[in-house]
Structure formats: structure tokens, C-alpha cells
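The values are calculated or read from the model by the stated rules, or taken from the named source; none is laboratory data. Just so it is clear, the model here is predicted, and its values are computed rather than measured. Note that we place each Cβ from the backbone using ideal geometry, even for glycine, and neighbour counts take in every protein chain shown. Side chains are part of the model used for accessible areas, which takes the heavy atoms of the whole protein and leaves out ligands, DNA and RNA. Shrake-Rupley method; radii C 1.70, N 1.55, O 1.52, S 1.80 Å.
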Amino acid sequence: MNRVSHAENVPLMLMHGKYERETLLKDLLAGAVVAIMLIPQSLAYALLAGLPAEMGLYASIVPLVAYALIGSSRTLSVGPVAVISLMTAAALGDVASQGTADYATAATALALLSGAMMVIMGCLRFGFLTNFLSHSVVSGFITAAGVLIALSQLRHILGIDAAGGTAPALLASLAGNLSALNATTLVIGAGSVLWLVWSRVRLAALIEKLGTSKSLAAIAAKAAPLMVVIATAAASGLFGLESKGVAIVGEIPSGLPAFSVPLFNLDLWASLWVPALLISVIGFVESVSVGKTLAAQSQDRINPNRELIALGAANLGAAVSSGFPVTGGIARSMVNHDAGAATQMASIFAALGITLATLFLTPALYYLPKATLAATIVVAVSTLLNIRAVKRAWLYSRTDFIAITLTILVTLLLGVELGVLSGIVASVGLHLYKTSKPHVAVVGAVPGTEHYRSVNRHQVVTYPSLLSLRVDESLYFVNTSFLETCIEQAVADSPGLEHVILQCTAVNEIDLSALEVLEQLDLRLTASGIQLHLSEVKGPVMDALQRYGFPEQLSGEVFLTHHQAVSRLKPDLIEPYIP
């Protein structure tokens, strides 16, 4: 079978005649599995966003096709996801009331704004922006969002009214209304949770014992959410559970979504542009993370800028088809990949399956308890909780621990939007803090070699008249003052100096501010009878220094290697350093 290149989208692939029968069968199977999974998920995430159930189905049709035509990942599956649905609910709650036409209109406007932002950022090649949001911060935000999502769905499982956008508000509201608990709803919700948890662990093995292959059993087990939807909807209708206080989904309109462009409302757009930007950033980061994971498994790669455009197109598709913001989903993408999807045609087949469900199956969902959908969400977001990341951050890097902990606390206590903003600020702030205080080591020669290591870690050779300093960071305006202080302190602690050599192995850039500091430092050292030298300067950095004329102004020399510098400048007497 010919392999489909990551650079070819669906139309090009078909045009070039590279779509074979074996590939078709794989994509059909994967599309069917994802469609079965997406039907209950789409309904559940619409509920999480506070929107009518049918909008979840609408958001799983056109966006899948739009991404399939443009995206660079062969198996990424796009649609409503838990975190983006929660952020949608938080954004819409500030501009309209749930259950109103304005609320649904605001959802499509939010998708339009998010899609437009992504397309613009993709055209401007802003894919590198993902580098400004650290993995630890994203992990912390998603963990906290998972907790908020689970808390927000407890009201449906308990059958009580509760509201709030933060953990304290949700807990207080749940506790205040606990006396109104509906026992029947609790049985449905708790039973659904237990079934979904058990099916994740045991169902595939049970199906395999019936004589099916391991791979087919694993795929069949993915239908567990659909099984519980069918079972509880049937029980609800058969026993008249609505009359016993069980909240049900109710009527879901049959037919395709109404295609239209969201109305231009300047006041509404002004209220939504910040949430739309945050949704774009988090959605893009989550999608690219999943896409890279899948690409690594298939020895493929994705294009971040093209992903921005493709995700933007998916959100624009959601906007014009009565949907809400979408992105690449972790669970459905993994299912799509594990089911054997070979190309994005699998997503098109999945969209076709959801279209058929929207046309013909929605009346059967009338009696579906909301507690079942809430249970689906709770079990789905349980995979988002990554407490191990906090422990690893504590053990490995205290700055990362501060970032992840701050993001979790702000998200839980102040809400998702401030949580995202705090994560971004923490990422950038901690990066600036770390680079503002670069590691500067006094180094000496490892005896019998040309290698130079820190005097605090190794038994090395040094010289009283020569000070070797290794700078482990690029030099720019943020850290120039710290570097200057370090060098001056080291010089003050070393009487009898004649030479200072800066080993620039790790210096990838010297900006103008840092260069001016080096000039001033050289002048002060020269006045004290000390020469300043540089060693192991990288080519691009050296090019910049030569354009400025710095090597000619320098009191000392620029050496190709640090060993060459020491060999040239060292005195005859060798004094080994003793820790």
C-alpha cells in the first residue's frame, strides 16, 4: 500500500489516485467507531457548554470535514472536547443566560471569532506561539479544568440545581442544594459511572473471551458509552422516569443544521474576543500535542502553521453550522488511530455517520437522562487529571512546580479564563526569571585533557593570574546586569588577575544591550590592568560581533577553543585547584 504523505490533504490524495481499497476499509471501520463514540460525547459536551444537545451533533459534522480537507495530521479527530466546552460555558455565561436564543447565538459567534483568529495566526505563521505555554502549565490547567468539569456535572448525577464557575462556588452550591437530591437520578448517574469505569478495564477482555480477536474486542469496548445511552434512554421511557423527577434531554430536532453566518454584533464580539483568543490558544496547544503524539507513532510529522489554519477552518465550519468551538480531541483521536485510520477520510466517514444519526436517530434520544451524559463526561475527564505531573515538577524543577501549582490554584479558585492567563503569565515570567540569572561557572582544565569543568564539581587545574568563566545562557537585556555583577564579584575575589576569559559555548545570541555591557566591562577591566577574552564563540554570534567591530575594540582576543586560550595565556607555573 502506498503511504499517504503528511503534506497531502484528502482532495490531493484522491486526485493522485493513492486511495486504495485496503485503505478505504480501514478508514470506514475507524470512521464508524469514532461516530459511535462521538454521538454520546457530542451530546454530553453540549450539555457541559450549557447548549442544546443538537448543537453538539452539529459541531461534529462540518468541523470534521473542514479539518480533513486541510489538516496535516492523518488521524487527528476534531470536535467538541471537555476543556473547550467548559471554557465556552464560562465565556457565554458572561454575555447571556443559558437556555436562551442569545446564548446559542453567542456560541456560534465565539466559534467564528476563534476560527478567524486561528486562520489569521496560521497565515502569519504564528505556530511557534505554542512554545510560550509550557507543558507543565498546560498540564496544570487541564488538570484543574478536569476537576471543575467533574464538579459541574455532579448536579446532574445528583439531580439537584447548582451553579458556579469556580471550585468553591460549585462546592457551596452543591452542599446547599443536597437536600433536594433525587434518588432515582443518583442511581442512574452512579450506575452509569460504574458501568463506564468497569467497561474501560474489563469489557474488552470479556468480549475477547467470547471468541473475538483482541483488536476487535478493544474496538467494540469503545461502544460502552453508546450502550449505556441506549439502556438508560430505554429504561427512562419504559418506566416513565421523567415523572419521578429525572431530568431528560427532551426533544432534539431532526435534520441538518441551519447554515448561516453569525450576525455581526460589535458589542457581543467585543465581549467575546478575549475568551475566543484563550480558547484558540488552549485548543491549538491541546490539538498540536495530540497530533505530535500520533505522528510520532506513525513516523509522520505535522505542520503547526497548517494546523492553525485547519483548526480555524473547523471552527469557522462550526460557526456557520450552528455549532460551538472545537479542537482536536485526545480520546477520539486515539480511538481513531487505534481503530486503524489511515487517512483523514476516516473523519469524513465519521461525519457522515453523525449526519445520519442527526437525521434519523434523534427522536430515540428524547428520554435520555442528563445524568447519563454527565456520567459520560465525568469518566471522560478522569483521564485529564495528572497529579503525577505536580509530583514530577516538585522533584525536578521548583520553578515548574510553582507554575503548575499557580495555574491549578488560580483555575480552581478564580475560573478557567484567569487560569489560562495566569498560566501564560507564569510561563513567560518564569522563563524570564530563569534567563535573568544565568548559570555562570568558574572552570578549570580536567588534568590530562582539553576539557574544562566547574571548579565546584571537579578536581581541575586553574591559574592565579587567569580566570575562566563559562556562561550558560544567551546574553540579552534581561540578564546583562546579573552577568556584570557575577564577573565583577569573581574578579574581586581573585587578586593578581591578568586575564578573564568568557567561555561562550552556550551563548547563542548577544544582543545590543549585552554588547554594550561587555564594552563597559572591558574598559573597567583594562583600567585595572586585566584583559578580557572570549572563547568558543558561535558563528552567527561572531558574525554579529564583527559587524559591530567588537573584536577590534576588545582588549584581549577571541579564541577558537577555550583550551587554545588557556594554553596561550597561562603562566609557566601550573597550580592544580584543590576543592
Can you sort L412, L502 by 1.4 Å-probe accessible area, starting with the largest? L412, L502
Gain on full stretching of the segment that runs from N177 to F126 - 0.36 nm per residue minus C-alpha separation: 13.7 nm
Take the Cβ-Cβ distance between W273 and I230 as r, set R0 to 56 Å, and report the resulting FRET efficiency rounded to the nearest 0.05. 0.85
Helix 345-360 against the longest principal axis of the chain: what's the angle in degrees, Cα atoms only, rounded to the nearest 10? 30 degrees
Keeping all protein chains in position, work out how much accessible area C486 exposes to a 1.4 Å probe, and write it in Å² to the nearest 10. 40 Å²
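Tally Lys and Arg at +1 and Asp and Glu at -1 over the other residues with C-beta under 14 Å from the C-beta of A220: what net charge comes out?
After counting each charged neighbour, the total is +3.
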For the stretch 499-549: relative contact order, % (alpha-carbon pairs under 8 angstrom, 6 or more apart): 57 percent
Suppose each label sits 7 Å from its Cα in the direction of the beta carbon; what would the T485-L421 distance come out to in nanometres? 3.1 nm
Which GluC sites (Glu not before Pro) in the stretch 483-579 sit in a loop by DSSP (not H, G, I, E or B) and have at most 13 other Cβ atoms within 10 Å of their own Cβ? E509
For the chain: accessible area per residue (Å², 1.4 Å): 45 Å²
Work out, step by step, the length gained on full extension between E242 and V197: first 0.36 nm times the residue separation, then minus their alpha carbon distance; give nm to one decimal. 13.6 nm
For the stretch 201-229 and the stretch 488-562, distance of Cα centres in Å: 67 Å
Assuming R0 = 56 Å, what is the FRET efficiency of F264 and T505, from their Cβ-Cβ distance, to the nearest 0.05? 0.50
Separation between Cα centres of the stretch 434-471 and the stretch 62-97, rounded to whole Å: 52 Å
With contacts defined as alpha carbon pairs under 8 Å and 6 or more residues apart, what's the relative contact order of the stretch 457-579 in percent? 34 percent
Taking the Cβ-Cβ separation of T383 and T561 as r and a Förster radius of 60 Å, what is the calculated FRET efficiency to the nearest 0.05? 0.75
Can you give the extra length, in nm with one decimal, that the chain gains between S494 and T212 once fully stretched, where that is 0.36 nm per residue apart less the Cα-Cα distance? 93.8 nm
Can you tell me the relative contact order of the chain? Whole percent, Cα pairs under 8 Å, sequence separation 6 or more. 23 percent
So what's the angle, to the nearest 10 degrees on a 0 to 90 scale, between helix 266-297 and the longest Cα principal axis of the chain? 80 degrees
Reachable aspartates and glutamates from K214, criterion Cα separation under 15 angstrom, eight or more residues apart if same chain: D338
What is the distance, in nm, between label points placed 7 Å from the Cα along the Cα-to-Cβ direction at L24 and at Y548? 6.4 nm
Ranking R332, R306 from most to least accessible area with a 1.4 Å probe gives R306, R332
Between N305 and L523, how many nm apart are label points set 7 Å from Cα along the C-beta direction? 4.3 nm
Is it possible to state the helix-based mean residue ellipticity at 222 nm for the chain, with each DSSP H run of 4+ residues giving -39500 (n - 2.57), the sum divided by total residues, to the nearest 500 deg cm²/dmol? What is it? -19500 deg cm²/dmol
How much accessible surface area, in Å² rounded to 10, belongs to the heavy atoms of V461 with a 1.4 Å probe? 20 Å²
What fraction of the DSSP beta bridges in the chain is antiparallel, stated in percent and rounded to the nearest 5? 50 percent
Listed residues H156, H431 arranged by accessible area, highest first, probe 1.4 Å: H431, H156
